[in-house]
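Below is one structure; the comments refer to it alone.
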Amino acid sequence: MSYNRTIIVNPVPPEPEPSDLRLVPIDDLDPFELEVHRAITALDATEAALPSLPRYVSRPHDDKLRQIVQRASEGTSEFIVLVGGSSAGKTRACWEAIQHLPAGWTVWHPISPSPAQAVLDGLARVPPYTVVWLNELQHYLVSPEANVSELLAANVRELIRDRQRAPVLIMGTIWPEYLSGITNVPSPDEVDLHPQVRILLDDNKLPIPSRFSQEELVAVRTAASNDPRLRQAVAFSRFGEITQYLAAGPAMVERYQAAPSPAQAVINAVLDVRRLVDAQDSPRSFLEHAAPGYLSDSEWQSASGHWLDQALTFAGAMCRGASGLVVRRRQKPGQSTTDNPGFTLSDYLAQWGRTSRYFEVPPAEFWQAARDHFADTAVLLSLGSAAADRWRLRHAAMLFERAAEFGNLQALVLLGEMHARSGNFEQAETHYHRAAKLGNSTAQIELARLLDARGKTENAERWLLAAADQHDARALQILAQLAESAGDNARAEQWLREAVEAAGITRTRPLRQLARLRAEAGDQREAAELRARAKNGVQTVTRRPLADIQQRSGGPDKLEQNLRERISEAESAGRSASASDLALLSEVCEDKGNRDEAEALAERAALAGDPFAFEMLIVSRGRNGEEEEAVRLARRITDAGNANGLMMIVDAFSNDPHWQRICRLGLEPDGTTATDWF
């Protein structure tokens, strides 16, 4: 299959040296092998008369991509990540961009045995004149084991810097919600899990608007004269969502909403796995045991004896010529087959479902089936964390326990944290001790805290020293505090200097502590230098009170006007409105008494990644004596995965036995108080 290419004229790359990586010349590639979405079937044309991809309409981000490709073709290694929603055209834009590379360039698409592991195993052997294709970058950089993503990011940074291996072009795509999850800067008292990832991505992002502007739609209409699929997209798509329509997104939603109950239950089960953990595949056995939980008694009784096969047939049927809603993962030649195949959800439906089911908690059958039928510890850990974030503590514990049975140390740490929060310190100590003995530094630190609280200071210090031997900055800082409390400031300084080296970009706190000690010792010069270094580290950002923001913005009305204008401008340009703007406008509306709009804006802010607005509403209505309203909002945002919602209520009713029981035991999936589970 051939595709028209506009070649940049540059010296021809030398003949590549033999490599054990699967390097494919660009001219030999099929775009669908690189996960470019298939397009809809045109309603008014014969498919055989059309090319497999609709005619491409260039937009401003394509100009920037071509500049990056130009630099790569001239010998400079480049890294770029396209950021946009599902079916926004990210992968297609990358495909079009590499068509401009000179002959001789090849593409490496690492996917096996897992995307992240494939990159770790092969990146050191990538030769010059290679495009490294990292579509859906979250599969490479989002890992429950932070060291995996950190090592991968560091290796990519090193490859880009290595002039001896240039040129290499590394291209990735990612959804905005995944990007924010791995690039948000933690506060100084939190562990920074992604410093390398954040440095890698910070200056190499290229946003892709989800909608075509009016000017771009004119170009689409011109191109549509020769492509009925584009004509159809122009005629029927809404709000300029051309690429989404071409990928059959709207038709998929319509099919989902009209699905028979068993088929919709199966889709919901796959969708919930995807939105909670981003697991690509859901095993058939999991669907068989999870889906009945989404059905009412009457729906289950009326289902046929072959309900699962019928549901999967419905969900897997092609939709306007594109893939089905839920399709069976097809094994490639050489891959092992299984009697328990995996099923995957369409990208568009996955992103749509993140909004439509954002406040939904999966039923009890979902969690139990996940525990029984997923063997991947990463999935078990992520689902357990999702359950814990929703205060479904019993279900979180059984998922963590299952991961621990497979030998995962992080699961033991998470179990320890859960039991400690529930007041079951004896069980927490047992879990921490198991992981600590096997070298987990977090477990060693938490075990030390428990032992110290029980007065076992020597044992606590022994575990802190073990964590410090692994260069854990948290342990080093605690040891410094203990040394200072004992009057040994020289030893405290030594620990802090080691902590500064171990903490990386989160070194602000140990630098400040060290500056204080040096100042007390009379060395004002070094103290000043240390304070200056601390200013260059990660800083805690605290939002100003609403009244202060209003005053600085020219008054309440002017602030509201500015926020509404910014939100409107973003939406008119096809971009998502800023989560912080939505959250602040929600607070403004609540302050003015526009309660319904305040809650609607809080929901939009939460969907955009900022649950803070809900917390402000909880505080506001609690102060007004509206306890039922505060509890309703707290439950709603907690069901969406913000555990702080209910914690605010528990703190407010610290003497209420009902809320203290919820604090200890958590909730059932249906929202009732959980039964004793430990």
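Every read-out reported here was derived from the displayed coordinates using simple, explicitly stated rules and does not represent laboratory data. This is a predicted model, so every value here is computed, not measured. When we count neighbours, we look across all protein chains shown, and the Cβ atoms used for this are built from the backbone with ideal geometry, even at glycine.
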Report summary line: In degrees, nearest 10, the alpha-carbon axis of helix 261-277 is tilted away from the dominant principal axis of the alpha carbons of the chain by 60
Query raised in the report: Label 7 Å along Cα→Cβ of Glu35; the range 278-293 residues with amide nitrogen under 11 Å?
Result: 280
Query raised in the report: Can you work out D for the range 23-207 in µm² s⁻¹ from Stokes-Einstein, where Rh is the Kirkwood radius over C-alpha pairs, the temperature is 37 °C and the viscosity is 0.692 mPa s?
Result: 190
Query raised in the report: Separation between the Ser225 and Asp651 pseudo-spin-labels, each 7 Å from Cα along Cα→Cβ, expressed in nm?
Result: 6.4
Requested in this report: Report the semi-axes of the equivalent ellipsoid for the chain in whole Å, largest first, where each axis is √(5λ) for an eigenvalue λ of the Cα gyration tensor.
Outcome: 42, 33, 28
**Report entry** By average C-beta atoms within 10 angstrom, highest first, the peptides 258-269, 491-502
**Finding:** 258-269, 491-502
**Report entry** Cα centre as origin, Lys/Arg/Asp/Glu Cβ charges: the range 174-332 dipole, Debye
**Finding:** 840
Report task. Could you bin all the Cα-Cα distances of the range 546-642 into 5 Å bins starting at 0 and give me the percent of pairs in each, rounded to whole numbers? Result -> 2, 14, 23, 25, 18, 11, 5, 1, 0
Query raised in the report: If we count other beta carbons within 10 Å of each Cβ, what is the order of Arg371, Arg165, fewest first?
Result: Arg165, Arg371
Query raised in the report: Counting each DSSP H run of 4 or more residues in the chain as -39500 (n - 2.57), what helix-only mean residue ellipticity at 222 nm follows after dividing by all residues, to the nearest 500 deg cm²/dmol?
Result: -17000 deg cm²/dmol
Query - Mean Cβ count within 10 Å, highest first, over the residues of peptides 428-437, 620-629, 646-655, 379-388 - result: 379-388, 428-437, 646-655, 620-629
Query raised in the report: If Lys and Arg each add +1 and Asp and Glu each add -1, what is the summed charge of the other residues whose beta carbon sits under 14 Å from the beta carbon of Trp352?
Result: 0
Query raised in the report: Which semi-axis lengths, in whole Å and largest first, follow from the square roots of five times the eigenvalues of the Cα gyration tensor of the range 240-381?
Result: 22, 19, 16
Query raised in the report: For the range 484-530, rounded, prolate or oblate, judged on the Cα gyration tensor with a ≥ b ≥ c (square roots of eigenvalues), a/c < 1.5 rounded, else prolate if a/b > b/c?
Result: oblate
Query raised in the report: Could you give the semi-axes, largest first, of the ellipsoid that matches the range 214-268, computed as the square roots of 5 times the alpha carbon gyration tensor eigenvalues and rounded to whole Å?
Result: 30, 10, 7
Query raised in the report: Gap in Å between the Cα centre of the range 72-119 and the Cα centre of the range 215-292?
Result: 24
Report summary line: Taking Cα atoms only, helix 409-421 is inclined relative to the longest principal axis of the chain by an angle, in degrees rounded to 10, of 50
Query - Dimensionless Rg/Rh of the range 614-678 - Kirkwood Rh, Rg from C-alpha atoms - result: 0.96
Query raised in the report: How about Lys437: which aspartates and glutamates have a C-alpha closer than 18 Å to its C-alpha, ignoring those fewer than 8 places off in the same chain?
Result: Glu401, Glu405, Glu417, Glu426, Glu429, Glu446, Asp452, Glu458, Glu461, Asp469, Asp472
Query - Taking only Cα atoms of the range 372-528, radius of gyration then Dmax in Å - result: 18.3, 63
Report task. Would you work out which of Gly324, Gly353, Ser302 lies farthest towards the positive end of the dipole of the range 251-374? Charges go on Cβ: Lys and Arg +1, Asp and Glu -1. Result -> Gly324
Query - Net length gained if the chain between Tyr56 and Asp591 were fully extended (0.36 nm per residue, minus Cα distance) - result: 187.8 nm
